[in-house]
There are 2 protein chains.
Amino acid sequence: MSQLRKDPIVGRWTIIATERARRPAAFVDPLSTITDPKQCPYCQDIASKGVYESHGVKVVNSRSPILDDTKPFELRGHGLYDVCHSYGSHEIVLEVSEHIANMADLPKEQINAVMQTYALRMQALRKNPFIEYILAYKNYGVAAGSRNIGHSRSQIMAVPVLPMRVKDKINGAQKYFDFHERCMFCDMITQELKDKQRVVVENEDFVVITPFASRFPFETWILPKDHHCDFADAIKDHEDSLAAIMKDILLRFKIGLNDPAYNYMIQTSPVKNPSSFKDYYHWHIEVMPRLTRVAGFERGTGFYICPIPPEMTAAFLREVDIHA
Amino acid sequence: MSQLRKDPIVGRWTIIATERARRPAAFVDPLSTITDPKQCPYCQDIASKGVYESHGVKVVNSRSPILDDTKPFELRGHGLYDVCHSYGSHEIVLEVSEHIANMADLPKEQINAVMQTYALRMQALRKNPFIEYILAYKNYGVAAGSRNIGHSRSQIMAVPVLPMRVKDKINGAQKYFDFHERCMFCDMITQELKDKQRVVVENEDFVVITPFASRFPFETWILPKDHHCDFADAIKDHEDSLAAIMKDILLRFKIGLNDPAYNYMIQTSPVKNPSSFKDYYHWHIEVMPRLTRVAGFERGTGFYICPIPPEMTAAFLREVDIHA
């Protein structure tokens, strides 16, 4: 049984995937890649029984889940360490039935259906009283941590503990609110729209910026103009403009940066006591191409070096002709 | 002038390297590599005027520094953001005059001289009253964030702010001490030496473990058995056993894992008010090969997935014959 283990120094949780553990020797050679669509496991999964299905989007349980909810959640000690079995759920969102690799190439209507699917699955998964956080995210390309299988997909993980980075964001936003009695993200949107230098694109509901203290080259955030802490509740009736701006930014990456690997992560509020976050937390999506490697300095300090200013990457992305 | 910028949400600092900014188009193609030793800039630097030199180890200022201390340190606001010019120092430690790539292949005496050099440079750099933290670290191999130039080297960065991850470690260790009135690291060493499962190797002064909540496959920590918060002060008279255990673990990586890319980072206490950390912080070195990519889940939550248990990697590393 896989385990959730907590680093006793900083409180960071790790899933130790013993169930699907690769043998040590497997790390010596790179992972094998699957290029033949006939061998694509996701094309096969499209035909299998799923958890949810609508508009060509299908949700299935992971074939090699690293979390499962068949045993009750129970934390225990091991000397000074904390551990529990890897409780939670791990779902794969098959975004399209055809073997198409990049979400940038899906019709806007299909991306809309994916966003609706995230919201519906989050609403279903949060009914489990043991779940503390739900993350919907995408890994596209090997450099983004994905297996090299060209079928557009994303993942939803539901975990029974509050992840460290989520806590950091919540705490930071709360401190700002305590001092200013305003939402930091709303202030940021106001400042960025006035400043314009770091704005890539906007529509009626969303603005895409390259953050002021970007960690990575071409890092972007999709910020909803309306204040709301929770993605699943806020997105209703705005799926279409989110799908439009998501396709827009992913096309800018694809055309301007030669189809790079990328990740996106929906940053929503924790599942429990949502009313306690509603004043100061503001959901958003981080979208970032993977063009550089994190080195020892970043690993050792959590202090990043970004080799290009966000003002320059925003200007570059604004100029990309996505209608060419 | 490059800048230090702070993420207003989580307080994370980023160095925005405007000085040596690559043009956006430079991210489209991979970095060029240098394989001919005659073109190695570090072989050339060995002959140049350095900051410090002893026993064949030479310290030079970076050719493309991302930090400099020629202007006074001054934080200023930019709307809701904090920014200053990139104050600090950025030194390169050339570990050997010959064009040898991997520290694992250096004689133990040479690694000893490198460790002494780190301590001496830290003692010199911390005299600057604006410096809050000094990180000595190594990037070996492209996957570890290094340029592909086969000359063994490491880096020392001195920065005027306390990095987020250092704060997290300090705060966690302090909480444990407040509760137990004992050092968490000392307790961890006691538990690990008794448990034995995660111990890779030990000598009279140090023990190498694979941490209980490892983030990465084959992650290791070198823990000094004697309690001390500060590397530069503690290492005196122990350089030789540190060099021996560093060479040992790096050889286990090289032989057992087919010469992987790796990073190490010396985790020492902050520069200011060292006496306030002395009871509860315990310096150590994180050493980790770079065998997998961080994906969206880790990026989005700070919650890691480790595909192999540390008990299995410790057993594998123990079995590697480094005298073959």
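Numbers at a glance
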read-out	value
Out of A:138, A:167, sole residue that is of a type in the set (Lys, Arg) and out of contact with any helix residue (DSSP H, G or I) (no Cβ under 9 Å at 6 or more places or on another chain)	A:167
Residue match in region A:244-260 (condition: facing chain B (nearest Cβ under 7 Å) and farther than 20 Å from residue B:12 by Cβ)	yes
Residue under evaluation residue B:260, criteria (1) open to solvent by 20 Å² or more (accessible area, probe 1.4 Å); (2) modelled with pLDDT under 95; (3) over 20 Å from residue B:204 (Cα atoms), criterion not met	(1)
Where residue A:265 falls short, out of the listed (1) in contact with a Ser or Thr (Cβ under 9 Å, 6 or more places away or on another chain); (2) over 17 Å from residue A:146 (Cα atoms)	(2)
Residue check, residue A:80 open to solvent by less than 60 Å² (accessible area, probe 1.4 Å), within 13 Å of another protein chain (Cβ to nearest Cβ), among the hydrophobic types (A, V, I, L, M, F, W, C) and more than 19 Å from residue A:135 (Cβ to Cβ)	yes
Failed item in (1) more than 14 Å from chain B (Cβ to nearest Cβ); (2) touching an Asp or Glu at 6+ places or on another chain (Cβ under 9 Å); (3) open to solvent by 10 Å² or more (accessible area, probe 1.4 Å), with residue A:114 passing the rest	(3)
Meets criteria (at pLDDT 85 or above, over 19 Å from residue B:75 (Cβ atoms) and either open to solvent by 40 Å² or more (accessible area, probe 1.4 Å) or more than 7 Å from every other protein chain (Cβ to nearest Cβ) (or both)) for residue B:54	yes
Residue within region A:100-111 that is modelled with pLDDT under 95 and either open to solvent by 10 Å² or more (accessible area, probe 1.4 Å) or in contact with a strand residue (DSSP E or B) (Cβ under 9 Å, 6 or more places away or on another chain) (or both) present	yes
Qualifying positions in region A:263-300 - at the interface with chain B (Cβ under 7 Å from one of its Cβ atoms) and more than 25 Å from residue A:185 (Cβ to Cβ)	A:291, A:293, A:294, A:295, A:296, A:297, A:299, A:300
Residue count, region A:88-137 (criterion: under 24 Å from residue A:69 (Cα atoms), assigned to a loop (DSSP other than H, G, I, E, B) and touching a Phe, Trp or Tyr at 6+ places or on another chain (Cβ under 7 Å))	1
Members of region B:277-322 found to be basic (Lys, Arg), part of a loop (DSSP other than H, G, I, E, B) and surrounded by fewer than 23 Cβ atoms within 10 Å (Cβ to Cβ), listed by number	B:278, B:293
Selection count, region A:50-72, where residues are within 20 Å of residue B:309 (Cβ to Cβ), part of a loop (DSSP other than H, G, I, E, B) and under 24 Å from the mean Cα position of the chain (by Cα)	5
Residue tally, condition in contact with a helix residue (DSSP H, G or I) (Cβ under 8 Å, 6 or more places away or on another chain), over 19 Å from residue B:169 (Cβ atoms) and of a type in the set (S, T, N, Q), over region B:208-241	0
Conditions (1) more than 17 Å from the chain's Cα centre (by Cα); (2) more than 11 Å from chain B (Cβ to nearest Cβ); (3) crowded, with 23+ Cβ neighbours inside 10 Å: number failed by residue A:237	(3)
Complete set of residues in region A:142-156 that are within 17 Å of residue A:265 (Cα to Cα) and either open to solvent by 10 Å² or more (accessible area, probe 1.4 Å) or part of a loop (DSSP other than H, G, I, E, B) (or both)	A:142, A:143, A:145, A:146, A:152, A:153, A:155
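The values are calculated or read from the model by the stated rules, or taken from the named source; none is laboratory data. No experiment lies behind these values; they were computed from the predicted model shown. Cβ sites come from the backbone with ideal geometry, for glycine too, and all protein chains shown count toward neighbours. Note: accessible area is taken over every heavy atom of the protein model, side chains too, but ligands, DNA and RNA are not part of it. Shrake-Rupley method; radii C 1.70, N 1.55, O 1.52, S 1.80 Å.
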